[in-house]
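What follows is a set of notes on a single structure, which appears directly below.
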Amino acid sequence: SNIREVDAIVHVVRCFEDPNVVHVDGSIDPLRDIETINLELIFSDLEVIERKIARVSRGAKNDKSLAKELELLNNLKTFLEEGNLRINFPTKGDKDKEALLKEYNLLSSKPVIFAANVREEDLIDDGKDNTNVAKVRQFAESNNSKVFVISAQIEQEISELDEEEKQLFLEELGLKEAGLEKLIRASYDLLGLISYITAGPEETRAWTIKKGTKAPAAAGKIHSDFERGFIRAEVVAYTNLVDSGNYNTAKEKGLVRSEGKEYVVQDGDVILFRFNV
């Protein structure tokens, strides 16, 4: 698949010392490693921008819109050449510029999730005592990125276990979840996504939507008829449903709500849509 089509980039950063595992640069420095990858993204984007400049330049003299785009491209090229990521390029709320930049689909425009790779003993406290992890977290905070802590060695061992063995292994290590679950949560958070659930006798399924989505649009995720003929949504929070034991008991307790078209779906909602077409 084309890497430029991804919504976010996951960057695994080494944050552990081990004389038996030699780093390609001879020492452990996560910020240096991050900078190296960022430069590679920038160089790749510069190739794209330079090709676009060559194409747009041919018609810019006789077309005001192309002339405006050419100015944007040249400004962006200078910005990238100074070592900056496209995601930090200032647009001052100019929607035309933002639309063009989105169309370019540059790698350095993608939000980043850093996977801080640590030794097993650092997983217990989520890398709180690891100075390298602290550096990555500080960098991520100032660059609108997310961080989660993993141990690649542990993840490899987990991948060879079935679900029951995996849970026992995690419990023995004192861990609540594997790195994959951490990655999913970080990805959803970074991309502004949530999930709601539909359940029935044949299938229970989670549907991914953007935060702030109203009930009719969420229903449209399942089928356009659901959105077009939306009447109402019967909603119960997942935790309330589980605590109640079943849907009918939750309803008897008054935990199932009837919501209309303006309801903003929440993460973990279990929803039954009523519609008519």
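The values are calculated or read from the model by the stated rules, or taken from the named source; none is laboratory data. Owing to the predicted nature of the structure, the values given are computational and were not obtained by experimental measurement. All Cβ positions, glycine included, derive from the backbone under ideal geometry; neighbour counts span all protein chains shown. Areas reflect the complete protein model, heavy atoms only, side chains present, ligands, DNA and RNA absent. Shrake-Rupley method; radii C 1.70, N 1.55, O 1.52, S 1.80 Å.
Summary of computed values
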| item | result |
| --- | --- |
| Theoretical FRET efficiency, 1/(1+(r/R0)^6), r = Cβ-Cβ of T36 and E155, R0 25 Å, to 0.05 | 0.60 |
| Residues N75 and R185, FRET efficiency given R0 of 41 Å [Cβ-Cβ distance, rounded to 0.05] | 0.65 |
| Residue-normalised accessible area of segment 1-146, expressed per residue, 1.4 Å probe, Å² | 61 |
| Calculated [θ] (222 nm, deg cm²/dmol) that DSSP helices of n ≥ 4 give over the chain, each run adding -39,500 (n - 2.57) | -14000 deg cm²/dmol |
| Charged-residue dipole, Cβ positions (Lys, Arg, Asp, Glu), segment 179-240 about Cα centre, Debye nearest 20 | 280 |
| In nm, spacing of pseudo-spin labels at R119 and K166 (7 Å Cα→C-beta vector) | 2.7 |
| The chain - charge dipole about Cα centre, Lys and Arg +1 at Cβ, Asp and Glu -1, debye rounded to 20 | 2100 |
| Proximal lysines to K135, defined as alpha-carbon separation beneath 18 angstrom and excluding residues fewer than eight positions away on the same chain | K146 |
| Shape of segment 128-219, Cα gyration tensor, a/c cut at 1.5 | oblate |
| Inter-centroid distance (Cα atoms) of segment 105-161 relative to segment 189-251, Å | 31 |
| Computed lengthening from N144 to L46, 0.36 nm per intervening residue step minus Cα-Cα distance | 33.0 nm |
| Whether the chain is rounded, prolate or oblate, judged on the alpha carbon gyration tensor where a/c under 1.5 counts as rounded | oblate |
| For F275, distant residues with modelled amide H under 5 Å away | I231 |
| Potential extension, E252-E202 segment - 0.36 nm per residue separation minus Cα distance | 15.7 nm |
| For segment 157-170, Karplus couplings with θ = phi - 60° (6.51, -1.76, 1.60), whole Hz, Gly/Pro x | 5, 5, 4, 8, 9, 7, 4, 5, 5, 4, 5, 5, 4, 5 |
| Dipole of segment 166-277, positive end: most advanced residue of V277, N248, L190 [Cβ charges, Cα centre] | V277 |
| Portion, in percent, of the accessible area of the chain that falls on carbon or sulfur, probe 1.4 Å | 49 |
| Those lysines that a straight Cα-Cα span of less than 19 Å connects to K261, excepting residues fewer than 8 apart in one chain | K210, K211, K214, K221 |
| Computed FRET value (nearest 0.05) for E5 with Q266, which takes r as the C-beta separation and R₀ as 25 Å | 0.30 |
| 5 angstrom amide H check on K221, placed H, neighbours 5+ away | none |
| Candidates L168, L107, L70: whichever shows maximal mean-square fluctuation once the chain is modelled as a Gaussian network with Cα springs under 10 Å | L168 |
